[in-house]
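The values are calculated or read from the model by the stated rules, or taken from the named source; none is laboratory data. The structure presented is a predicted model; accordingly, all values stated were derived computationally and were not measured. For neighbour counting, all protein chains shown are included, and Cβ atoms are generated from backbone atoms with ideal geometry for every residue, glycine included.
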Amino acid sequence: MAGMGGDRRKTARGAVSGFVIVLYNCWRNYQRAVGLIQEERADHVPVGIFNDAGRDDAGRNINGETHTITTLGAATDHDEEVGGMGTSILVGTDETMVWENDYRTHLYTPRGGRDVEDF
């Protein structure tokens, strides 16, 4: 996201195409990237903010791996959760759903005619 030159075009094209988008190492300019995506996607689209995902003790977050599930419309209200280079932001599509089981909350985007009950 540094400079936002070619990344701006890629982000806008990804938003238009309907792909799930993952922004990584974007802690300085994440509001601009989210703004670009909001031009093409509805505010209710689910968003996950992840810190130090899969890094175990090697991560910089003193709380270990953390995640926040929110919406595209509220994504920029979470500055405290966007903590640095270990932050990734996953932006879903209109088909993405929030799915909870007894253990965790998940983001799920169906592909290939499969349903969440298949898992």
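Miscellaneous remarks
- Residue within the range 46-68 that is in contact with a strand residue (DSSP E or B) (Cβ under 9 Å, 6 or more places away or on another chain), at pLDDT 90 or above and polar (S, T, N, Q) present: yes
- Pair list, Cβ under 7 Å, 6 or more apart: the range 101-119 residue part of a loop (DSSP other than H, G, I, E, B) and surrounded by 10 or more Cβ atoms within 10 Å (Cβ to Cβ), other residue modelled with pLDDT of 60 or more and among the charged types (D, E, K, R): T109/E95; P110/E95
- Listed conditions (1) assigned to a loop (DSSP other than H, G, I, E, B); (2) surrounded by fewer than 18 Cβ atoms within 10 Å (Cβ to Cβ); (3) among the hydrophobic types (A, V, I, L, M, F, W, C); (4) at pLDDT below 90 are all met by V16, apart from (1).
- Residue selected from the range 19-44 under the condition closer than 16 Å to G83 by Cβ and aromatic (F, W, Y), by the criterion surrounded by the most Cβ atoms within 10 Å (Cβ to Cβ): Y30
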